[in-house]
Amino acid sequence: MFAKGQTVIQLFEKLAPKHYAMSDDKIGLQLGTLQKEIRKVLIALDVTDAVVEEAINEGIDLIIAHHAIIYRPLPHLQTDTPAGRLYEKLIKHDIAVYIAHTNLDVAEGGVNDMLVQALGLTELSSLEDVHTDKLKKLVVFVPQTHHQQVLDALFTAGAGWVGQYSSCSFSTPGTGTFLPQEGTTPFIGEAGKLERAQEVRVETIVPESLQRKAVQVMIKAHPYEEVAYDLYPLELAGKVHGLGRVGKLPGGATLRELAELTKQAFDVPAVRVVGDLSRPICKVAVLGGAGSRYVRHALFAGADVLVTGDIDYHTAHDAAAAGIALIDVGHNVEKIMKRGVADYLAAQLVKTQTQVIASQVETEPFQFL
């Protein structure tokens with residue numbers, strides 16, 4: 001059985017939810033339809049003509065890419081332009097294109113986590129906090145016979161986390177009353193007769209991002225036809241997600257040694273370096289993509305070096321004057337997401353016949369001589 005397009009994306013968005021994206025980011029389905037069976041998914045950094053040819057040859061139904069193919073409003077769709085020819089080819093071969101950009105950068109296990117994992121950094125924190133998952137208090141009234149069943153369902157759905165403590169809840173016994181009306185089939189009691197039931201008031205914490213899922217599994221595990229529950233917003237802040245990462249480099253290294261490590265870890269032929277190559281490096285900031293405007297964030301975090309891409313000339317001078325080193329590994333370093341996302345999604349789709357492959361096309365536009 002092949003997975004439907006919507007199912008593939010729902011599973012992918014468990015890794016990179018849309019609400020993690022920056023407000024002006026161009027993400028989501030950009031071309032084609034998800035209302036079809038997906039036999040093969042291609043994970044790509046960019047959607048270039050060569051990547052589309054690869055998709056056609058592989059029999060791909062859906063491309064999940066990091067960089068948008070439609071970034072600005074289209075004034076026209078002329079098929080004698082490079083972009084128009086690309087869109088035409090995708091449409092003719094019924095290949096849908098879905099984009100995950102800053103939401104995949106921010107996500108736990110996303111692009112930036114893949115980069116720091118490749119470098120072996122520890123004691124990680126975000127370079128810039130961009131999203132805080134709001135918390136809700138979920139209260140539900142359950143008959144004593146199903147108390148643990150409902151609790152287990154909620155915990156499995158991700159409810160009950162307070163900091164590093166899981167399965168957190170509070171339960172209070174009491175008496176519930178209800179009068180089933182004509183046409184009902186109550187779990188306890190009978191229609192037309194006031195019922196008093198020994199119930200338990202269950203309270204737990206639910207992140208707003210998991211609220212819908214938690215309520216669904218709670219209702220499914222609950223024996224009543226009509227489930228009595230409440231949701232309250234809390235002032236308590238939930239988990240914080242951010243762009244970039246800052247971490248410790250175990251054992252330390254010189255700037256030269258770290259530059260060599262990045263070339264090997266990220267499979268890049270060359271890097272540009274700002275700073276004294278003999279300088280000792282202990283704390284490293286990492287940001288996939290263009291990172292010029294994050295130099296001050298790295299400085300504020302106490303990093304010795306910022307590893308990123310697309311550093312411009314004046315930013316390099318400013319960083320040198322401020323005393324922070326830079327390693328420009330290029331924007332294409334984000335290609336690390338191809339294998340990482342392909343492995344994640346393949347594991348999610350293991351019970352289906354849908355295949356997931358990582359693009360083998362090199363989309364680095366620069367040549368290094």
Exercise for the section: Would you confirm whether any residue within segment 73-84 is in contact with an Asp or Glu (Cβ under 6 Å, 6 or more places away or on another chain) and at pLDDT 95 or above? Expected result: no
Exercise for the section: Determine if segment 284-297 includes at least one residue that is outside any strand (DSSP E or B), among the small types (G, A, S) and farther than 17 Å from L243 by Cα. Expected result: no
Practice task
Tell me, please, whether a residue that is of a type in the set (D, E, K, R), assigned to a strand (DSSP E or B) and within 25 Å of the chain's Cα centre (by Cα) can be found in segment 234-247.
Solution key: yes
Exercise for the section: Could you please find all residues in segment 102-127 being surrounded by fewer than 18 Cβ atoms within 10 Å (Cβ to Cβ) and either under 29 Å from S167 (Cβ atoms) or in the same structural domain as E208 (by TED's automatic domain parsing) (or both)? Expected result: E108, G109, Q117, T122, E123, L124, S125
Problem - Test result for G288, in contact with a Leu (Cβ under 6 Å, 6 or more places away or on another chain), touching a residue at least 12 places away in the same chain (Cβ under 8 Å), closer than 30 Å to E13 by Cβ and surrounded by 13 or more Cβ atoms within 10 Å (Cβ to Cβ) - result: yes
Problem - Among the candidates A346, A319, A342, A303, residue that is part of a helix (DSSP H, G or I) and either closer than 21 Å to D276 by Cβ or modelled with pLDDT under 95 (or both) - result: A319
Completion exercise
Of the residues in segment 321-364 that are surrounded by fewer than 16 Cβ atoms within 10 Å (Cβ to Cβ) and within 18 Å of the chain's Cα centre (by Cα), the one that is farthest from N112 (Cα to Cα) is A347
Handout entry: Residues of segment 26-38 satisfying the condition of being part of a loop (DSSP other than H, G, I, E, B), surrounded by 15 or more Cβ atoms within 10 Å (Cβ to Cβ) and either in contact with a Phe, Trp or Tyr (Cβ under 6 Å, 6 or more places away or on another chain) or among the β-branched types (V, I, T) (or both)
Key = K26, I27
Fill in the blank from the handout: Reported set for segment 227-245 where residues are loosely packed, with under 12 Cβ neighbours inside 10 Å and either closer than 26 Å to M114 by Cβ or without any contact (Cβ under 8 Å) to a residue 60 or more places away in the chain (or both) is E235
Practice task
Give segment 39-56 a look and list any residue that's in contact with a strand residue (DSSP E or B) (Cβ under 6 Å, 6 or more places away or on another chain), in a helix (DSSP H, G or I) and β-branched (V, I, T), or say none.
Solution key: V51
Completion exercise
R256: passes all of (1) of a type in the set (D, E, K, R); (2) surrounded by fewer than 16 Cβ atoms within 10 Å (Cβ to Cβ); (3) assigned by TED's automatic domain parsing to the domain that holds G163 but (3)
Exercise for the section: Only residues that are of a type in the set (A, V, I, L, M) and assigned to a strand (DSSP E or B): list them for segment 138-185, please. Expected result: L138, V139, V140, V142, V162
Problem - Residue pairs meeting the criteria (Cβ under 9 Å; at least 6 apart or on separate chains; first surrounded by 14 or more Cβ atoms within 10 Å (Cβ to Cβ), in segment 183-201; second basic (K, R) and outside any loop (DSSP other than H, G, I, E, B)) - result: G189/R196
Problem - Criterion violated by M22 - all others in (1) at pLDDT 95 or above; (2) touching a helix residue (DSSP H, G or I) at 6+ places or on another chain (Cβ under 7 Å); (3) part of a loop (DSSP other than H, G, I, E, B); (4) surrounded by 14 or more Cβ atoms within 10 Å (Cβ to Cβ) satisfied - result: (1)
Exercise for the section: With the condition kept exactly as written, say whether any residue in segment 262-269 is under 26 Å from the mean Cα position of the chain (by Cα), closer than 18 Å to I324 by Cβ and not in a strand (DSSP E or B). Expected result: yes
Handout entry: Options H131, H93; residue that is surrounded by fewer than 17 Cβ atoms within 10 Å (Cβ to Cβ) and not acidic (D, E)
Key = H93
Handout entry: Matching entry among D105, D94 (being of a type in the set (D, E) and in a loop (DSSP other than H, G, I, E, B))
Key = D94
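The values are calculated or read from the model by the stated rules, or taken from the named source; none is laboratory data. Worth saying up front: this structure is predicted, and the values here are computed from it rather than measured. Reconstructed Cβ throughout: ideal geometry from the backbone, glycine too, with neighbour counts over all protein chains shown.
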